[in-house]
Each structure stands twice: as structure tokens, then as C-alpha cells.
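K.L.:
This is the structure I have questions about; it appears just below.
Any read-out appearing in this document is the output of simple, stated calculations on the displayed coordinates, not a laboratory observation. Only a predicted model underlies this, so the values are computations on that prediction, with no experimental measurement involved. Cβ placement follows ideal geometry from the backbone for every residue including glycine, while neighbour counts extend to all protein chains displayed.
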Amino acid sequence: MNYFNYKNNKLFCENVAVEKLAKKHGTPLYIYSKNSFIEQYKNLDSALAGLDKMICFATKSNSNLVVIKTFAELNSGFDIVTGGELFKIVKAGGDTNKVVFSGVGKTIEEIKYAIEQNILFFNIESEVELKRINDIAGEMNKKTRFCVRVNPNVDPKTHKYITTGKSENKFGLDFEAAKSLYNHAKNYKNVEAVGVQMHIGSQITTTEPFVAAIKKLLKLVEKLRAQGIDVKYVDIGGGLGIVYKNETPPTAEQFAIAVVPELKKFNAKIIFEPGRFLVGNGGILVAEVQYVKKTPTKEFVILNAGMNDLLRPSLYDAYHDIIPVNASDKLKKVDVVGPICESSDFFGRERKLPEEIKSGDFIALKSCGAYGFVMASNYNTRPRGAEIIIDGNSAIVARKRETLEQLIKNEIW
Ligand code: LLP
């Protein structure tokens, strides 16, 4: 179901008019549909029902506490990449025993904190990292668990900046290195190998790369088991894509039909780490038009949101649909840009917006629920916007707009 719809030409999120929210809370404003998050989670959960599995929401995609709480209430696990994300999961009441910790650069403090919180396992990316975890667990008189993140060298056919499972990427270990690490790890007393993990990339819009990588992984798991390694968990990462423009990513059912028969062969608990699939289409960014500026070659709609609020177009040339909050039949082509002093501060070129668009009108950038607010910054000394979560008729302020005083609170002068 689509949770962002026009009613009498006015854009709604669930049952709440977006214009009302924009006027009440100001812009730039992130608006999330709680029920779309829940629906996506339930869709995936039921599509994968035939498997012994756990879904671990990739917290990096949207770490607002209300969002984390929403997934915690669905009994979701969490994939984290920092102690900061773990801290938020603790605060939001998530179950830390269902946390898996990924990332190439875990610090001593982060590892200690994760062991204290008794997370399910670490996804380790190098031998030195495993040694560090073993040493820290030893000092704490604890034993912790790990999976090795392997790099299956499969092309996920996505943007090069979010491709992670090819041999030239910094992530994971090749199969040979992984095998010898598992054997070497038998000497470590404070870490126990419990499985394998991979994550081949993000915004993957076909099932083939997943299936190819899973098939490769199965061969590795068979070899590891033959060497006496107890593979209880197989974590296949995240990466399931969504529609931004005209992509045709698999639905949860199509994904399940492709991967479940392969995953059953592992005879293990399967972990999924979806981020974008769960939250991407469930959020919009609302901005106010500041100026409409005509040059001899172009017409620009200049917003009060910039690349500091939504970085994806600038960083990945990503497409986000741009729609008016008040719909109109008569449209014209414009370039939609932010106020920041860089030419990369754009949201869309040659987009269709109402012919009569003017200062003070609101527009919405779609599919901003994942990697939206979490990638926002204070560039140009711009306070970050607010976040609102809608549940039917009710609107909860999930984050207040940042103030100028908050911007300088840690500066000493
Ligand atoms: N697991 C691991 C280990 C990851 O590195 C990621 C994402 C995920 C799971 C979740 O992937 P997803 O299901 O959301 O595709 N900022 C970029 C995306 C970076 C993704 C990084 N890793 C963007 O805006 O497109």
C-alpha cells in the first residue's frame, strides 16, 4: 500500500495533510509513515516464513529512536556499525541479544560496549580485528561470538560507491583468508566462531547477485563444516533495492522465491540485514520554495533544503522523485536545487512542477526514509531539520529542529 497519497490535490502521509505539518513544524521536514515501515517488515517476515531466520534492521539507514522503537516492537533484531547505533538501540528498548555488529573499523570502546551489552555476534573483517576482540573479551573475563565477513566477489550491479562484495572493495575477506582465519581462531579462547556473513552491496534490483553469492557461500560453509567449524548462523547482509524512479526491484515474495530454496540448504539460522527496503519508501523530505529564478537557459526552483539535508543526489547522482504538496495539472520543467554554495547542491534536473510554482510553496522529495536524515550535516552552518512520524491520524515529533544555539554548544571561543 502507498502511504503518501493525494486527496483533493493535497498530499497526505497516512491521514495527515503534509501542508499542515510543514506549516506547524517548519521545513526542511522529514516525514515518515510508521505503518509503511511496519508493512514492509511484515511483508518480508512473512515472505521468509519458511526459514529459520532473523531480520536485523540496518540501523544506519534510519536511526531515529522512534524508528528503532518501531522495529523493536516488531521483535526485529538490528545490524549496527557503531557504538552510537548500539547506544540508541539500548535507549529505544531494543533487544541487544539480537544485535549483529558489522563494519571495518570497530574501536576498542565500541567492542567493549558491545560485549557488555552481550550482542549476538560481531561480523569481523580482518584478523587483527578478531585478535583485538579476543583480547578485550579476555580482559573482561567474557566470551563473545563472531562471524567472518566474507567477500564473495559478486557484482551486485549497483552504484560503485555502494558496491561492497567485489574483491577490490575494502570489505570482508576472500574465502581462502576466511578459512585460515577460522582455523587460526581455534587458538583464541574468548571468541567463538558461530557463522559466516556477507553483504554484497546496496540498492540491488535483481535477485541474481544474491543467488550467485549465496551459492558461493554454501560451498564455503560446506568446507568450514568439514573442518569442524560450527556454522550456526549465515548472515547474508542487506541490499534489497526499492523504487526511486523506474527500477523494478523484486518484491519480498519474489526475493523469497529466489533465495529461500538456496538458503534452506545451509541448515542454519539465516540473518537478513535490510535497511532501505524497510524504510526507504516510507519517508519524504518536505521543503519550501524560496525563489524561482529564470536564467537565459534554465529555470531554477531554489529550496530551503540543501545537500546538507539530503546528500544522496549530490553524492551518488541519486534520483528522488519531486512532487508538489499541492498538486496541479499544469506543469513545467525546472531544475530543483538547494541554497548551498556548490553546484553539486541539486535535487533534480528537468523535473515537472506546477507552472505557477512560487516562493512559499511546499514540495516533497520522495523515498527519503533511508539514508536521508542520517546523512545530514551542518554544512554551511545550517541546523538540521525536524523528523515527524505519522501513525494514522497522529503525528509524533520524533526529532525537534536543531537550533542555532545547539549548533555552537560544543565550541569554545
Ligand atoms: N549490512 C551492512 C553490513 C551494510 O553495510 C549495509 C549498508 C546494510 C546491511 C544495509 O543495506 P541496505 O539494505 O540498506 O541496502 N548511503 C548509501 C547506502 C549505503 C549502504 C551501506 N551499507 C545510499 O544512500 O544509497
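K.L.:
If contacts are Cα pairs under 8 angstrom and at least 6 residues apart, what is the relative contact order of the range 34-276 in percent?
P.N.:
21
K.L.:
Another question, if that's okay. Whole-Hz Karplus ³J(HN,Hα) for the range 105-120, in order, using 6.51 cos²θ - 1.76 cosθ + 1.60 and θ = phi - 60°, x for Gly and Pro?
P.N.:
Result, rounded to whole Hz: x, 4, 8, 4, 4, 5, 5, 4, 4, 5, 5, 4, 7, 6, 5, 5.
K.L.:
Less than 17 Å apart at the alpha-carbon level, and either on another chain or at least 8 residues along: which aspartates and glutamates does that give for K20?
P.N.:
E288, D361, E387, D391
K.L.:
Report, in whole Å, the centroid distance computed from the Cα atoms of the range 347-384 and the range 119-194.
P.N.:
So the two Cα centres are separated by 38 Å.
K.L.:
If each residue's Cβ is checked for other Cβ atoms within 10 Å, how do R351, R401 rank with the fewest at the top?
P.N.:
R401, R351
K.L.:
If each residue's Cβ is checked for other Cβ atoms within 10 Å, how do M54, M307 rank with the fewest at the top?
P.N.:
In increasing order of surrounding Cβ atoms, one gets M54, M307.
K.L.:
Distance between the C-alpha centers of the range 44-76 and the range 286-302? Whole Å please.
P.N.:
39
K.L.:
Then there's this: Could you tell me the relative contact order of the chain? Use alpha-carbon pairs under 8 Å, at least six residues apart, and round to a whole percent.
P.N.:
Relative contact order comes out at 20 percent.
K.L.:
Ranking F373, F266, F57 by Cβ neighbours within 10 Å, fewest first, what do you get?
P.N.:
Ascending number of Cβ neighbours within 10 Å: F266, F373, F57.
K.L.:
Give the percent of DSSP beta bridges with both residues in the chain that are antiparallel, rounded to the nearest 5. Intermediate values should be presented prior to the final figure.
P.N.:
On the way: 35 of 71 bridges.
Within the chain, antiparallel bridges account for around 50 percent of the total.
K.L.:
Kirkwood Rh over Cα pairs of the chain into Stokes-Einstein at 37 °C, 0.692 mPa s: D in µm²/s? Present the calculation step by step, with values, prior to reporting the outcome.
P.N.:
Values: Rh = 22.5 Å.
Roughly 146 µm²/s, to the nearest whole number.
K.L.:
Next question, about the same structure. Quick one: net charge of I38's neighbours, Cβ under 14 Å, K/R +1, D/E -1? Don't jump to the answer; show the numbers that get you there.
P.N.:
Details: positive: K34, K42, K69; negative: E14, E39, D45, E73, D391.
Neighbourhood net charge equals -2.
K.L.:
Where both partners of a DSSP beta bridge lie in the range 34-276, what percent of those bridges are antiparallel, to the nearest 5?
P.N.:
Close to 5 percent.
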